[in-house]
Amino acid sequence: MVDFLRRNANWIAIALVLSLGANLFMGGIIAGRLMHGGFGHHRMEKIEGGDQVGWIVRRIAEDMPEGQRQAFREAMDSRKDQLIALGKQMHDAREAVRDAIRQRPFDRAAFDSAAASLGTTQQAFGKEFSDAIGDAIELAAGKPASN
């Protein structure tokens with residue numbers, strides 16, 4: 001056995017170093033996943049546009065007491081059409097900004113107008129979304145919504 005170790009010491013050392021490197025690599029991946037949301041949860045930043053709203057609603061519902069989840073979802077569903085309409089307006093406003101940027105020759109007034117419109121629609125969507133969530137949480141808890 002000792003003779004085998006002497007003859008193959010270099011190969012054994014290389015194998016041990018490679019094994020250590022692989023273990024450190026896998027340990028880093030596992031630690032990173034656990035520190036950033038674990039396995040099986042999607043991060044919102046990786047979700048496309050409209051699906052972010054659904055992701056946020058699901059995450060809020062998951063954190064609510066079991067008896068309030070359904071009431072919360074129903075309250076959010078009652079505002080769904082309005083949120084979808086505002087989301088469509090926001091999408092259209094983003095497209096207008098993109099079109100203004102691509103326009104040649106560049107028209108600063110058209111860009112400024114499109115950017116201002118985008119800001120307005122983003123604010124309107126944000127307000128409606130936060131109001132919908134707040135009202136739905138209050139309704140789920142048995143309080144009247146504070147429209």
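The values are calculated or read from the model by the stated rules, or taken from the named source; none is laboratory data. Since this is a predicted model, take the numbers as computed values, not measurements. All Cβ positions, even for glycine, are placed from backbone atoms using ideal geometry, and neighbour counts span all protein chains on display. Accessible surface areas use protein heavy atoms only, side chains included; no ligands, DNA or RNA. Shrake-Rupley method; radii C 1.70, N 1.55, O 1.52, S 1.80 Å.
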How far is helix 49-63 tilted off the main Cα axis of the chain, in degrees rounded to 10, range 0 to 90? 80 degrees
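Taking 8 Å as the Cα distance limit and 6 or more residues as the minimum spacing, I'd like the relative contact order of the chain as a percentage.
22 percent
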Let's test the formula: R0 of 30 Å, r as the Cβ-Cβ distance of Gln52 and Ile30. What FRET efficiency results, to the nearest 0.05? 0.65
In the set [x] 2, 8, 11, 11, 11, 9, 9, 8, 7, 6, 4, 4, 4, 3, 3, 2, 0; [y] 2, 8, 16, 19, 18, 15, 11, 6, 3, 1, 0; [z] 2, 9, 19, 25, 23, 16, 6, 1, 0, which value of P(r) over Cα pairs in 5 Å bins from 0, in percent was calculated from the structure you see? [x]
Under the 0.36 nm per residue contour assumption, what length would be gained going from the current alpha-carbon distance of Ser130 and Asn10 to full extension? 36.8 nm
With all protein chains present, the chain has a carbon and sulfur share of its accessible area (1.4 Å probe) in percent of 59 percent
Sequence neighbours fewer than 8 away in the same chain don't count; with that in mind, list the aspartates and glutamates whose C-alpha is under 20 Å from Lys80. Glu48, Asp51, Glu62, Asp92, Glu128, Asp131, Asp135, Glu138
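How would you order 120-127, 69-76 from highest to lowest mean count of nearby Cβ atoms within 10 Å? It would help to have the intermediate numbers written out before the result.
On the way: 120-127: 14.4, 69-76: 17.1.
Per-residue Cβ counts within 10 Å, averaged per peptide and sorted highest first, yield 69-76, 120-127.
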On a 0 to 90 degree scale, rounded to 10, what angle separates helix 66-78 from the longest Cα axis of the chain? 50 degrees
Segment 79-142 versus segment 5-31: alpha-carbon centroid distance in Å: 53 Å
